[in-house]
1. Is there a residue in the stretch 44-51 that is surrounded by fewer than 12 Cβ atoms within 10 Å (Cβ to Cβ) and part of a helix (DSSP H, G or I)?
2. Test ALA66 against the criterion of being assigned to a helix (DSSP H, G or I), among the small types (Gly, Ala, Ser) and surrounded by 13 or more Cβ atoms within 10 Å (Cβ to Cβ), and give yes or no.
3. Being open to solvent by less than 100 Å² (accessible area, probe 1.4 Å), farther than 20 Å from GLU64 by Cα and either among the small types (Gly, Ala, Ser) or outside any helix (DSSP H, G or I) (or both) is the filter here, so list the residues in the stretch 1-43 that pass it.
Amino acid sequence: GLVDKVVPSNSFRGEVQKLAETIRDNAPLGNRAVKKIVNMGLHLSIAEAQALSDTLRRQIEETEDAKEGVRAVLGNYKPKFVGR
């Protein structure tokens, strides 16, 4: 949906900060891929957007960050992404 969370106006800045920190802490290659898809997506058909998404996913799957993400999940620790 368009609304993910509703918060009181006095909590808005703090909630935005938490969301920004969550995004910041995600894998940078994944963040870049999402940004690219969002920016290009308005100009692509659904099939073209899916093809772009698949291409970017395949590129990311073989990176050090992807391997670190899997290790972190299996080892129950916070991943240390390096952008490679």
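The values are calculated or read from the model by the stated rules, or taken from the named source; none is laboratory data. Please read all numbers here as calculations on a predicted model, not as lab measurements. Quick reminder, even Gly has a Cβ in these numbers, built from the backbone with ideal geometry, and neighbours come from all protein chains shown. With ligands, DNA and RNA removed, areas are computed over all heavy atoms of the protein, side chains included. Shrake-Rupley method; radii C 1.70, N 1.55, O 1.52, S 1.80 Å.
1. So far as the stretch 44-51 goes, yes, one or more of its residues are surrounded by fewer than 12 Cβ atoms within 10 Å (Cβ to Cβ) and part of a helix (DSSP H, G or I).
2. Answer is yes for this residue.
3. Matches in the stretch 1-43: VAL7, PRO8, SER11, GLY14, ALA20, GLY41.
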